[in-house]
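Undergrad: Dumping the structure here so I can ask a few things about it.
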Number of protein chains: 2
Amino acid sequence: MEFLRLAKREEVYLNYFTLFKPLGTEKVSIFEAFRRFVARDILSPEDVPPFPRSTVDGYALIAKDTFGASISSPSILRLVGEVKMAEEPHKKLESGEAMRIWTGGWLPEGADAVLMLENSSLNGELLEVYKPVAPGENILKIGDDVKKGEVIVKKGFPIRSQEMAILQTLGILEVEVHRRPRVIIIPTGNELAEPWQELRPGKIRESNSISILSLIKDYSEKVERHPIVPDDWQSIKSVIKRNLAAYDLLLLSGGSSKGVGDLVTSVIEDFEGGEIIYHGVSISPGKPTIFARIKEKPIIGLPGHPVSSFVATYLFALPLIKYLQGDLNFKPDHLGFLELGTDIPSKPGREEWIRVKREGNKLTPIYSESGVISSLVKADGLVRIPENVEGYHQGELVEFYPV
Amino acid sequence: MEFLRLAKREEVYLNYFTLFKPLGTEKVSIFEAFRRFVARDILSPEDVPPFPRSTVDGYALIAKDTFGASISSPSILRLVGEVKMAEEPHKKLESGEAMRIWTGGWLPEGADAVLMLENSSLNGELLEVYKPVAPGENILKIGDDVKKGEVIVKKGFPIRSQEMAILQTLGILEVEVHRRPRVIIIPTGNELAEPWQELRPGKIRESNSISILSLIKDYSEKVERHPIVPDDWQSIKSVIKRNLAAYDLLLLSGGSSKGVGDLVTSVIEDFEGGEIIYHGVSISPGKPTIFARIKEKPIIGLPGHPVSSFVATYLFALPLIKYLQGDLNFKPDHLGFLELGTDIPSKPGREEWIRVKREGNKLTPIYSESGVISSLVKADGLVRIPENVEGYHQGELVEFYPV
């Protein structure tokens, strides 16, 4: 295979991803909305809380009445009743008065603060206050959490656990999200055998597809795996042709044998509207990845070596799947820095993704060929070495991408 | 509520979790094994690769024959054939000979290295070698990836994408894993209303359960949500009684109203074998969490404030669910360090979990009451401030827990 011009990773996001439009939108129940991406800003239809609430158990009062209070010289207030939970209080509080209130209770009119139980003592109707409270203390005013009309989830952002809760708090039980892609994984390679069949000498069991599938499943409407396709032009052509319409994304999972990449590019170019955008990326592992399209349909050709396949799926296939459903933050991002336990050398001129083992807060690189799948099993994550960096030294903090 | 003695977080893991045994095991298909925890060491039944393979396209040869080769003084070898993909080569290579071979091809007997295509030129049957290769170069010997009998996935470790691939490579299509817990979430609180009903004044919509559910779903066999239960002793008692047998874990999700915690502890203690292990943890938010059991069944009482509920689910409910299925690394762990954009003060004497917004590699704290759910929606993660630390300064690197 020749790689006349290797694309940089960012170029793939910039020039290839943007050839495709995010998929259409659909309304889904909040119960089905987890990990989906919001198709338009969601505005709050109401204030939260809808009434002023106490955030503690104590006494609703007028803060001014407690100014200067201390244990030696308490303020004395008159207890005039109790705010029952889940009920609107019907009495207006006057200066010198207090009402018993519970966490979540509705602050009576006139009151502007709540005194915590432990800073007082009650003798009959007389409440001794030992500590001043400030206006607004221990209460949430109407709209303090969310204001009516405020954007609560922005277009292009995901619905996580906390978004589910706030939507339900607001009574929003249906949301408009982008459709998730239907994906087909097509393994190709003459040396590959179906894992459930007896292994003939010289063959190896196909296993990249199950790893690709589990990496993308959470973000796809469905992921189908096609039976292994032999490395011949006509077989690959007819499989692509048959499946092009029913899926939003085709992932060709290459065997590692001779010229699969060139075969795939030649087949794609034979389609009307077939175009190879990039063949080869300046990353390692993952270099021989193919980015193509047939008209509006994206096709990624993933490398055959298991580590390369994994890295290319992580850096390109999953991000494209997120991009296709409107995710504005589709690019892989590290989740923090950890310390290197040893030096890592790197050749400049390509971005390297090094498998690492994590022990405590230290990372150790795992070196091996990209055909060695056990190296990925030993890894807890990847470390990125940018194109222009000649490796890192022991003790340096590096970007950690858990996988 | 009184918290006579607050447990430390580690005490909960050490003294409460260990009261329970991991659930039984079951055999599942590899296709259902993603995110499951392996119940016993999985050993490799065979060597990978099962035959010596080339990792590049090139020429199989005897390394010694190339020693000293250069462009000005190439070694000359005789091409004696080609190794066909997915076939066993039947010719033994002799000194002075080379065979064409492809990535993944079976190295012929006698050969001990592969020369990359680009370091040679072929004239008829004569191969000019321009660069010496070392013995073992560009090949994987039998068992170089995985040796027969080697442990490939350890007991108590999860099956990730890479484990799925290696298992399939080895033809292991079924694995023994621990059963995942069946969980019921029981929301309690008089001030709570079902989100799909019209909201009466003074009530708020119940929303903690959907956030708890989405946090634990990936690791549970099933998660059911019970309708809201009123804050009375008899109702709570009968709901627990009715559901105790059918679930492996009961999560009571408290309202924020008066004395729900005390009510729950009193009900649990009324059961035969009912025991409160801890009522209150020295963390913030999340302090009023209850850890209990009725005989062998764990019950966690989660706080009513939405942020406290979220943090307690993240720190205790999800880890317990993982512990119950044999996960040896069930404790929440940060995924790296990021820099603080501003100071964060903290009261010593309790572990604080601060909501933070991430911008690039900088974190900014989000301060608000634990009743303010929008603060969690604005957050990208949590930062832990240990019990004995009086806050962090701007520019310090802190543990980042994405949520």
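The values are calculated or read from the model by the stated rules, or taken from the named source; none is laboratory data. None of the values given here were measured: they were computed from a predicted structure. Glycine also receives a Cβ, built like all others from the backbone with ideal geometry; neighbour counts cover every protein chain displayed. What goes into the accessible areas is simple: the full protein's heavy atoms, side chains included, and nothing from ligands, DNA or RNA. Shrake-Rupley method; radii C 1.70, N 1.55, O 1.52, S 1.80 Å.
Undergrad: Could you derive backbone 3J(HN,Hα) for region B:39-45 from the dihedral phi with the Karplus parameters 6.51, -1.76 and 1.60 (θ = phi - 60°), listing whole Hz in sequence and x where the residue is Gly or Pro?
TA: 7, 8, 3, 9, 9, 6, x
Undergrad: Another one. Using +1 at the C-beta of Lys and Arg and -1 at the C-beta of Asp and Glu, which of A:Ser375, A:Thr364, A:Leu397 has the Cα lying farthest in the positive direction of the dipole of region A:309-402?
TA: The listed residue farthest towards the positive side: A:Ser375.
Undergrad: Packing-wise, with mean Cβ within 10 Å as the measure, how do A:351-357, A:266-272, B:70-76 rank, highest first?
TA: Working: A:351-357: 22.1, A:266-272: 16.0, B:70-76: 12.6.
Peptide ranking by packing, descending: A:351-357, A:266-272, B:70-76.
Undergrad: Please go through region A:1-45 and write out the GluC sites (Glu not before Pro) that DSSP classes as loop and that have at most 15 other C-beta atoms within 10 Å.
TA: Working: sites: A:Glu2, A:Glu10, A:Glu11, A:Glu26, A:Glu32; in loops: A:Glu2.
Those that pass, being in a loop and sparsely packed, are A:Glu2.
Undergrad: Give the average, rounded to an integer, of partner chain Cβ atoms located within 10 angstrom of each Cβ in A:195-205.
TA: Values: counts 8, 4, 1, 1, 3, 3, 6, 13, 7, 8, 10.
Mean inter-chain Cβ contacts per residue within 10 Å come to 6.
Undergrad: Taking a 1.4 Å probe, which of A:Leu338, A:Leu126 shows the most accessible area, and what order do the others take after it? Numbers along the way, then the final one.
TA: Values: A:Leu338 0, A:Leu126 90 Å².
Output order, biggest surface exposure first: A:Leu126, A:Leu338.
Undergrad: What accessible area, in Å² to the nearest ten, does a 1.4 Å probe give for A:Tyr59?
TA: Its heavy atoms expose roughly 10 Å² to the probe.
Undergrad: Once you have a ≥ b ≥ c as the square roots of the Cα gyration tensor eigenvalues for region B:313-403, tell me rounded if a/c is under 1.5, and otherwise prolate or oblate according to whether a/b is larger than b/c.
TA: Prolate shape, in that a/c is at least 1.5 and a/b is the bigger ratio.
Undergrad: As an exercise, use a Förster radius of 22 Å and the Cβ-Cβ distance of A:Glu88 and B:Lys217 to find the FRET efficiency, rounded to the nearest 0.05. Numbers along the way, then the final one.
TA: On the way: r = 37 Å, r/R0 = 1.66.
The pair A:Glu88/B:Lys217 has a calculated efficiency of 0.05.
Undergrad: With charges set only on the Cβ (+1 for Lys and Arg, -1 for Asp and Glu), what does the dipole of region A:288-403 come to about its Cα centre, in debye to the nearest 20? Write out the running numbers ahead of the final one.
TA: Values: 13 positive and 14 negative charges, 102 e Å.
Rounded to the nearest 20 debye, it is 500 debye.
Undergrad: Note down the magnitude of the dipole of chain A about its Cα centre, charges +1 on Lys and Arg C-beta and -1 on Asp and Glu C-beta and zero elsewhere, to the nearest 20 debye. Numbers along the way, then the final one.
TA: On the way: 49 positive and 56 negative charges, 224 e Å.
About 1080 debye.
Undergrad: Name the residue, out of B:Lys147, B:Lys241, B:Lys91, whose mean-square fluctuation peaks in a Gaussian network model built on chain B with Cα pairs under 10 Å.
TA: Answer for the Gaussian network model of chain B: B:Lys91.
Undergrad: Let me ask something else about it. Please turn the phi angles of region B:282-296 into ³J(HN,Hα) values with the Karplus equation 6.51 cos²θ - 1.76 cosθ + 1.60 (θ = phi - 60°), one per residue in order, whole Hz, x for glycine and proline.
TA: Here the 3J(HN,Hα) series is 7, 10, 9, x, x, 3, x, 6, 10, 10, 9, 8, 10, 6, 8 Hz.
Undergrad: Just checking the output field for A:64-77: average partner chain Cβ neighbours within 10 Å of each residue's Cβ? If you can, show how the numbers build up before the last one.
TA: Numbers: counts 0, 0, 0, 0, 0, 0, 0, 0, 0, 0, 0, 0, 0, 0.
For this peptide, the per-residue mean of nearby foreign Cβ atoms is 0.
Undergrad: Next up: Across 10 Å bins from 0, what is the distribution of all Cα-Cα pair distances for region A:26-84, in whole percents?
TA: 13, 28, 19, 14, 15, 10, 0
Undergrad: OK, next. How many Cβ atoms of partner chains, on average, are near each residue of A:363-376 if near means within 10 Å of its Cβ?
TA: Numbers: counts 1, 0, 0, 0, 0, 3, 7, 1, 11, 7, 11, 11, 2, 6.
Partner Cβ neighbours, averaged per residue: 4.
Undergrad: Which whole-Hz ³J(HN,Hα) couplings does region B:325-334 yield from phi under the Karplus relation 6.51 cos²θ - 1.76 cosθ + 1.60, θ = phi - 60°, glycine and proline marked x?
TA: 3J(HN,Hα) across region B:325-334, in whole Hz: 10, x, 5, 7, 10, 6, 6, x, 9, 6.
Undergrad: Out of residues 5 or more away from B:Leu43 or on other chains, whose amide H comes under 5 Å of its own, with H placed 1.01 Å from N in the peptide plane?
TA: B:Ile152
Undergrad: What lysines sit close enough to A:Lys84 to cross-link, taking a C-alpha to C-alpha distance under 27 Å and skipping anything fewer than 8 places away on the same chain?
TA: A:Lys64, A:Lys92, A:Lys131, A:Lys141, A:Lys147, A:Lys148, B:Lys203, B:Lys237, B:Lys258, B:Lys287
Undergrad: Using +1 at the C-beta of Lys and Arg and -1 at the C-beta of Asp and Glu, which of A:Ser284, A:Gly259, A:Asn208 has the Cα lying farthest in the positive direction of the dipole of region A:204-304?
TA: Of A:Ser284, A:Gly259, A:Asn208, it is A:Asn208.
Undergrad: Once you wrap a convex hull around the alpha carbon atoms of the protein assembly as shown, what is its projected area averaged over all directions, in nm²?
TA: Details: hull surface 149.4 nm².
Its average projected convex-hull area is 37.4 nm².
Undergrad: Put a point 7 Å out from Cα along the line to Cβ at B:Ile76; what are the distances to that point in the other copies, in nm, shortest first?
TA: B:Ile76 label point versus its equivalents elsewhere: 12.0 nm.
Undergrad: Under 10 Å, Cα contacts only: if you run a Gaussian network model on chain A, which one of A:Leu14, A:Leu328, A:Leu302 comes out with the highest mean-square fluctuation?
TA: Maximum among the listed residues: A:Leu14.
Undergrad: Oh, and also: Ranking request for peptides A:387-398, A:160-171, A:40-51, B:339-350: highest mean number of other beta-carbon atoms within 10 Å first, then the rest in descending order.
TA: Per-residue Cβ counts within 10 Å, averaged per peptide and sorted highest first, yield A:160-171, A:40-51, B:339-350, A:387-398.
Undergrad: What does the helix-only formula give at 222 nm for the protein assembly as shown: each DSSP H stretch with n ≥ 4 adding -39500 (n - 2.57), the total divided by the residues, and the result rounded to the nearest 500 deg cm²/dmol?
TA: Details: 14 runs with 118 residues, N = 806.
Using -39500 (n - 2.57) per qualifying helix, the result is -4000 deg cm²/dmol.
Undergrad: List the residue from chain A whose beta-carbon is nearest to the axis that rotates chain A onto chain B, together with that distance in whole Å.
TA: Residue and rounded Å distance to the axis: A:Gly336, 1.
Undergrad: Now for a separate question. What is the distance in Å between the Cα centroid of region A:5-51 and that of region A:344-381?
TA: The distance from the Cα centre of region A:5-51 to that of region A:344-381 comes to 32 Å.
Undergrad: With a cap of 15 neighbouring Cβ atoms within 10 Å, and only residues DSSP puts in a loop, list the GluC sites (Glu not before Pro) found in region A:117-162.
TA: Values: sites: A:Glu118, A:Glu125, A:Glu128, A:Glu137, A:Glu150; in loops: A:Glu125, A:Glu137, A:Glu150.
Here the sparse-neighbourhood loop sites are A:Glu125, A:Glu150.
Undergrad: Sticking with this structure for a sec: Would you pull out the residues with amide H under 5 Å of A:Leu107's amide H, same chain only if 5 or more places away, H placed 1.01 Å from N?
TA: Amide H neighbours of A:Leu107, under 5 Å, 5+ apart: A:Arg53, A:Ser54.
Undergrad: If you place +1 on the Cβ of every Lys and Arg and -1 on the Cβ of every Asp and Glu, how big does the dipole about the Cα centre of region B:173-290 come out, in debye to the nearest 20? List each step's numbers first, then the result.
TA: Numbers: 14 positive and 17 negative charges, 60 e Å.
I would put it at about 280 debye.
Undergrad: Still on this structure, I have one more. Please name whichever of B:Val146, B:His178, B:Met164 sits farthest to the positive end of the charge dipole of region B:134-187, dipole taken about the Cα centre and charges placed at Cβ: Lys and Arg +1, Asp and Glu -1.
TA: B:His178
Undergrad: So how do B:305-316, A:284-295 stack up, highest first, on mean other-Cβ count within 10 Å?
TA: Answer by packing, highest mean first, reads B:305-316, A:284-295.
Undergrad: Using the reciprocal of the averaged 1/r over all distinct C-alpha pairs, how large is the Kirkwood radius of region A:287-345 in Å? Provide the component values of the computation, followed by the final result.
TA: Values: mean 1/r = 0.0738 Å⁻¹.
Computed over region A:287-345, the radius equals 13.6 Å.
Undergrad: Sticking with this structure for a sec: Can you list residues whose amide H is under 5 Å from B:Leu252's amide H, if they're 5+ apart or on another chain and H is modeled 1.01 Å from N?
TA: Those lying under 5 Å, H to H, from B:Leu252 are B:Ile186, B:Ile300, B:Gly301, B:Leu302.
Undergrad: Here's another thing I want to ask about it. Would chain A count as rounded, prolate or oblate if I go by the C-alpha gyration tensor, calling it rounded below 1.5 in a/c and otherwise prolate when a/b exceeds b/c, oblate otherwise?
TA: Working: a/c = 3.56, a/b = 2.35, b/c = 1.51.
Judged from the Cα gyration tensor, chain A comes out prolate (a/c at least 1.5, a/b above b/c).
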